[in-house]
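Below is one structure, written out as C-alpha cells; comments come after it.
None of the figures in this text is laboratory data; all of them are computed from the coordinates on show. Please read all numbers here as calculations on a predicted model, not as lab measurements. Note: ideal-geometry Cβ built from the backbone for every residue, glycine included; neighbour counts use all protein chains shown.
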Amino acid sequence: MEQNISKFSRVSQIIHDYNFDKSKLIPILQAVQNEYKYLPEEVLVFVASALNISTARVYGVATFFAYFALEPKGKHIIKVCDGTACHVKRSEEIINSVRSKLQLKDNEKNSKDMLFALETVSCLGACGLAPVLVVDEKVYSQTTTDTVLQIIDDIREQEIKEQSIAEGK
C-alpha cells in the first residue's frame, strides 16, 4: 500500500494543486503527461478515482486529444510538419531521413534507446517558414535533411556529455 502511495505521490500533488476539481481534467492530464512523458494506464485509473469520475471519461479525454500519449515517448520529441506548404517543400524527405537515422521501422515512433520520438503533424502554423520542425519545443525553419540530421547528432553528443558528467567521468 505504501509503495502505491509513493508511486502516485506526484500525481496526487498535481490533483491537489487543482483542488480535486474534475472540471480541470485536461490541465491535470497535461501536468501528469509533463511528469511522465505519457499517460500510463494505472495513472489514468488513479486520476479517475481521485477525482471521483469514471475511468471511461478520463480515457475519453486522453484519447480524444492528439496531444496526449498513452504510450511512452522518447526523451526528445521531433515534430515534423507535413502540412501543404511543408509537404510541397519536401518535408517527406526530412521525415524519411529522420526515420532512417533513428532506424525506425514501419510504424515505430521511438528510437530503440528511447532518446527520440518522431511525430508527423498536420500543421505547425508556420507555413511561411516551411519546411518546419520542432524539437523539444524549439522551432527550426526552412530545414533540410542535413539540418535535421545535424540536430539529432548534436542532441546525442549533448546527451553523452551529460551522461559522462553524471557518471563522474
The stretch 110-125 residues that are free of Cβ contacts under 8 Å to residues at least 60 places away in the same chain, paired with ones that are aromatic (Phe, Trp, Tyr) (beta carbon under 8 Å, 6 or more apart): Asn110/Phe116
Residue list for the stretch 25-50, filter: buried (at least 17 other Cβ atoms within 10 Å of the Cβ) and not in a loop (DSSP other than H, G, I, E, B): Leu25, Ile28, Leu29, Ala31, Val32, Gln33, Val43, Leu44, Phe46, Val47, Ala48, Ala50
Answer from Ile151, Ile155 - the residue that is crowded, with 18+ Cβ neighbours inside 10 Å, in contact (Cβ under 8 Å) with a residue 12 or more places away in the chain and either more than 15 Å from the chain's Cα centre (by Cα) or part of a loop (DSSP other than H, G, I, E, B) (or both): Ile151
Members of the stretch 130-148 that are touching a residue at least 24 places away in the same chain (Cβ under 8 Å), in contact with a Ser or Thr (Cβ under 7 Å, 6 or more places away or on another chain) and among the hydroxyl-bearing types (Ser, Thr, Tyr): Thr145
Close pairs from the stretch 34-45: first closer than 19 Å to Ala66 by Cβ, partner assigned to a helix (DSSP H, G or I) and among the polar types (S, T, N, Q), Cβ under 9 Å, at least 6 apart: Leu39/Gln33; Leu44/Thr55
Verdict on Leu129 being within 21 Å of Ala69 (Cα to Cα) and surrounded by 11 or more Cβ atoms within 10 Å (Cβ to Cβ): no
Criterion: exposed (fewer than 13 other Cβ atoms within 10 Å of the Cβ), under 30 Å from Ser141 (Cβ atoms) and of a type in the set (Ser, Thr, Tyr) - qualifying residue of Ser100, Ser54: Ser100
The lone exception for Val134 - which of (1) among the aliphatic types (A, V, I, L, M); (2) assigned to a strand (DSSP E or B); (3) crowded, with 19+ Cβ neighbours inside 10 Å it fails: (3)
